[in-house]
Amino acid sequence: MLKLEVRTSPSVAMSWLAPVFAVLLTVACGALLFLFLGKSPIAGLAAFFWEPISNLQGWTEVGVKVAPLLLIAVGLAICFRANVFNIGAEGQLVLGAIAGSWVALHLNESSQGGALMIALSLGAGMLGGMLWAAITALLRDRFNTNEILVSLMLVYVAQLLLSYLVHGILMDPEGANFPQSKLLDDGFLLPILVSGTRLHLGIVLAALASGLAWLFLSRSFSGFKLQVGGMAPLAARYAGFSSRKSLWTSMMICGALAGLAGVCEVLGPIGQLTPSVSPGYGFAAIIVAYVGRLHPIGVVFSSFIMALFYIGGELAQSRLGLPNAITGVFQGMLLFALLACDVLIHYRIRRSK
Amino acid sequence: MESSLAPLIAASINAGTPLMLAALGLLINEKSGVINLGAEGMMLIGAVIGFAATVHSGSVPVGFAAAACAGMLLAGFFALLTVWLGTNQYATGLALTMFGAGVSTYIGRPYEGSSLPGGKFAIPGLQDLPFVGTALFKQHPMAYLAMLLCVLVIVFLYRSRAGLVLRAVGESPASAHALGYGVRSIRTYALLFGGLCCGLAGAYMSLVYTPLWSQGMVAGRGWIALALTTFATWRPARVLIGAYLFGGVTIITFYLQGQGVAMSPELLAMAPYLATIIVLVLISRNANWIKLNMPASLGKNFRPS
């Protein structure tokens, strides 16, 4: 028999190995799942983990998915480190997409675009996301309201608002009543990094966000205060660090990044505002943040894995005839696997006599 | 007015029943000190399993039974991770919700958009009473079972020794452990009950309320049920009232549309979510009141040493 035995101190090595184990465990479970569904596990795993990165085109598509996931996961990592359980990044993303495309569509009436116009639209998207995050922060700050439930309820409200707008004032008047906005002029779209692909500036912004967040958390005093507040609220209070300030800081950073992710989707691969601006990036980013150990650099790797899941789901649909809902199954399995592997940080497995 | 009020009440009860079923299960979880954010996922799985089982067996009770088993299976897995392996309850619950969303979409593919014949139910004799007959006595049997369940939960929690032990586990697991109660086993049973209730709630959505399957059809009701336990300050009777009130909020939007109120369906559909937020604000404003009523060990894992 095997049994779990408490370690005398948490294993540092295991805390970094657990995500690796979790990915391997997910791959193993995935292979079993394919077998169970009557598909070749090798073909299935190849669709998820080899085909997406077997050529340059594939890498750029991975980059397109990494951009929003990484942006949001960096914001969530800061929130979760501050012990602010913001699980409504999806809503903040949607509001960013709405605000950014609203401004872009408006500017597009009189302008051909250009760097300034794009910057204005991106700024509007960030403000939109911050505004949505501010509701959650304000209610938690003033009324002690649970941020998990409020931020999640606001996701539904944001999605309905988006649907309302693309059926109404933001609908393309010449679009045959399709619920979507006008296509933006090319001058409003984010510059493409590799010509002939969809890889856009968003990935650079995401990398920048990840670097800045690392500086903020590990090199700035306010980043330090924020983390102490998360790990040891009483110690933070004793030291005179304001928990309200870290609530607001983390929520505003996360809102801005999620909003940026939303507007980048509109100005990047989509090119217009549609009701399905995000295939659940805001929720997937929660998993990305945890698998990346809530570390701004760690999430780079985990967002790559998650991007593979997204593309793998699409490939599994075209190659194996499996519905792309399998992406969601993989996402859930990954987080479960991580939580299970995390047990090994505090425990070790021993053979009991 | 009377002619339209009675169907409105009936519809509110119908819409509130899945919320109440789920919230009662979550209430028992939380009374034992465990918060399960996987309610939404368990409801989705319950909805799709219940639907599939009913389609294949042709029997609604079989659908409910299958959904209850599926909910318990998921809750058992959640219990294994949180209660026995000590993982973070919030993160594990979120994983369960995401897993449930993915798996239910996957299982539900062949049934997407298909529907079941809706039945008419009535209690003979009582259904002909003026007003109350229409308002109260034409529900699906499951709606009455849910009311009965609420009574049973009240009796269990406040009139039985087992209920007292459960509450003690939630308030102070260390003391309960010192008295010789198996804290982790008790929490596991509580979680299994929660899974059963959430499975039934999901099946009620897909078998009675709509009755159809479409992906993501639970649409946040699992989360609203979680909010309901706070709203009810962890009292089962208040869960019942709260669930029907929330059902009413959902129904009133349909009603207003039917009355030709010039407002877009999207904005009206926001009502239950906004109502949840408003109610949470009102109830949470007084931090001490929440602290007084909340099970003291809620969200904290216990490891006997």
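Bear in mind that the values in this text are calculations on the coordinates, not laboratory data. What you see is a predicted model; the values in this text were computed from it and never measured. Here Cβ is always computed from backbone atoms with ideal geometry, including for glycine, and neighbour counts include all displayed protein chains.
At-a-glance table
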item	result
Residue-averaged [θ]222 nm for chain B, counting only DSSP H segments that reach four residues, each worth -39500 (n - 2.57)	-23000 deg cm²/dmol
Convex hull of the stretch A:40-159 built on C-alpha atoms - directionally averaged projected area, nm²	11.0 nm²
Order of A:VAL84, B:VAL55 under a 10 Å beta carbon neighbour criterion, fewest first	B:VAL55, A:VAL84
For the stretch A:2-351, with +1 on Lys and Arg beta carbons and -1 on Asp and Glu, the positive-most of A:SER11, A:VAL64, A:ALA82 along the dipole	A:SER11
Whole-Hz ³J(HN,Hα) from phi, Karplus 6.51 cos²θ - 1.76 cosθ + 1.60, for the stretch B:223-232, glycine and proline x	6, 5, 4, 4, 5, 4, 5, 5, 3, 7
For the stretch A:2-351, fraction of C-alpha pairs farther apart than 33 Å, in %	31 percent
Amide H contacts under 5 Å for B:PHE137, placed H, 5+ residues apart	none
Neighbour-count ranking [beta-carbon atoms within 10 angstrom, fewest first] of A:MET333, B:MET43	A:MET333, B:MET43
Förster-model FRET efficiency, 45 Å R0, B:LEU274 and A:SER352, C-beta, rounded to 0.05	0.25
Whole-Hz couplings from phi, Karplus 6.51/-1.76/1.60, listed for the stretch A:60-76; x for Gly and Pro	5, 5, 4, x, 4, 7, 4, 3, x, 4, 5, 3, 5, 4, 4, x, 5
Rg ratio (alpha-carbon, reference 2.2 N^0.38 Å) - the stretch B:39-104	1.19
Alpha carbon centroid spacing (whole Å) that separates the stretch A:1-36 from the stretch A:274-353	14 Å
Per principal axis, descending, Cα span of chain B in whole Å	62, 43, 41
Hits among lysines - C-alpha to C-alpha of A:LYS182 under 26 Å, sequence gap 8 or more where chains match	A:LYS65
Helix B:141-159 axis, angle to chain B major axis (alpha carbon atoms, nearest 10°)	30 degrees
Approximate spin-label separation A:ALA207-B:ARG235, in nm, with each point projected 7 Å along Cα-to-Cβ	5.9 nm
Average projected area [Cα convex hull, the stretch A:93-179], square nanometres	6.5 nm²
Longest DSSP-loop-exposure-free segment, GluC sites (Glu not before Pro), chain A, at most 13 other Cβ within 10 Å	A:175-353
For A:CYS341, B:CYS69, order by how many other beta-carbon atoms lie within 10 Å, fewest first	B:CYS69, A:CYS341
Amide H contacts under 5 Å for B:VAL34, placed H, 5+ residues apart	B:GLY299
The protein assembly as shown - charge dipole about Cα centre, Lys and Arg +1 at Cβ, Asp and Glu -1, debye rounded to 20	2720 debye
Size of charge dipole - the stretch A:2-351 - debye, nearest 20, with Cβ of Lys, Arg +1 and Asp, Glu -1, no other charges	1600 debye
Sparse-neighbourhood loop sites, chymotrypsin sites (Phe, Trp or Tyr not before Pro) in the stretch B:38-145 - DSSP loop, at most 12 other Cβ within 10 angstrom	B:PHE131
Directionally averaged shadow of the protein assembly as shown, computed from the convex hull of its alpha-carbon atoms, nm²	31.9 nm²
Across A:LYS245/B:LYS291; B:LYS31/B:LYS138; A:LYS3/A:LYS39, pairs whose alpha-carbon gap is larger than 25 Å	B:LYS31/B:LYS138; A:LYS3/A:LYS39
Table column - 3J(HN,Hα) (Hz), the stretch A:25-36, Karplus curve with 6.51, -1.76, 1.60, x for Gly and Pro	4, 5, 4, 4, 4, x, 4, 4, 4, 4, 4, 4
Built amide H within the under 5 Å cut-off of A:TYR347, gap 5+	A:ARG7
